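This report concerns only the one structure given below.
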């Protein structure tokens, strides 16, 4: 795939793998460098492994930090400023015409997406691990992880054309604003002014999960962000993210992400392979 940009001298390719309609590039960008306005022929997936920078697109500034994941549609112009230090990242360039397995995810790949969700970060770090493996099984593993990632993004989005009641959105905001608080369904329903059963039904219809599942997802996302951007002990992160203690945090993390917080943090720093 041809990309309508070139790599400046301040950029360095660490490794690159082309898999027929999909090109994975692990690269470094030096502090103080920029990528001027550019776009790509196909959709791109970018993941920040380490470092932080600013991207300018769609008339706004996007702050990118460790575990930030972005989907940029084909042809969307943007530029990047690496002013906060060296940046280590992973980019996946897609040619949807050459890879029929991507057809079900057309809506995902034609809409901008940005997140630092724990489950997405976990899959992307596994994708990076497979890129580094360079063995005969890597190609199959990479394709499977990519499809799993796109399916996860598709499920995390609101249904097309869905209209979310303001009180349902308010309930979601309450969970995000206070992930460590012990909020009951009755507490939230009372705050937004509806019956708990009404809130439970409407919330699942709007977001595809229960309030409890959403709260757990928010807590895991916060924990992953703290693990990759700070040096806080895991016990402190567990408390800050709303888990009872480190043991509870470890059990939930392992059950939903397939590895322990300790091994995830080590792998995020380049020390280990998943899973474990």
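The values are calculated or read from the model by the stated rules, or taken from the named source; none is laboratory data. Nothing here was measured: the structure is a model prediction, and the numbers come from that model. Every residue, glycine among them, receives a Cβ derived from its backbone with ideal geometry; neighbour counts consider all protein chains shown.
A few remarks follow.
- Here residue 184 clears all of (1) out of contact with any helix residue (DSSP H, G or I) (no Cβ under 6 Å at 6 or more places or on another chain); (2) not assigned by TED's automatic domain parsing to the domain that holds residue 209 except the condition numbered (2).
- Yes/no for residue 48 being loosely packed, with under 14 Cβ neighbours inside 10 Å, in a strand (DSSP E or B) and either modelled with pLDDT of 90 or more or not assigned by TED's automatic domain parsing to the domain that holds residue 143 (or both): no
- The criterion of at least 1 residues that are in contact with a helix residue (DSSP H, G or I) (Cβ under 9 Å, 6 or more places away or on another chain) is met, among strands (runs of 3 or more DSSP E) falling completely within the stretch 63-111, by 69-72, 87-94.
- Counted residues, the stretch 85-98 - those being touching a strand residue (DSSP E or B) at 6+ places or on another chain (Cβ under 7 Å) and either under 14 Å from residue 10 (Cβ atoms) or not assigned by TED's automatic domain parsing to the domain that holds residue 19 (or both): 4
- Subset of the stretch 118-154 that is within 20 Å of residue 14 (Cβ to Cβ) and assigned to a loop (DSSP other than H, G, I, E, B) - its residue that is nearest to the chain's Cα centre (by Cα): 134
- Every condition in (1) under 23 Å from residue 222 (Cβ atoms); (2) out of contact with any helix residue (DSSP H, G or I) (no Cβ under 8 Å at 6 or more places or on another chain); (3) not assigned by TED's automatic domain parsing to the domain that holds residue 27 is met by residue 190 except one, and the failing one is (1).
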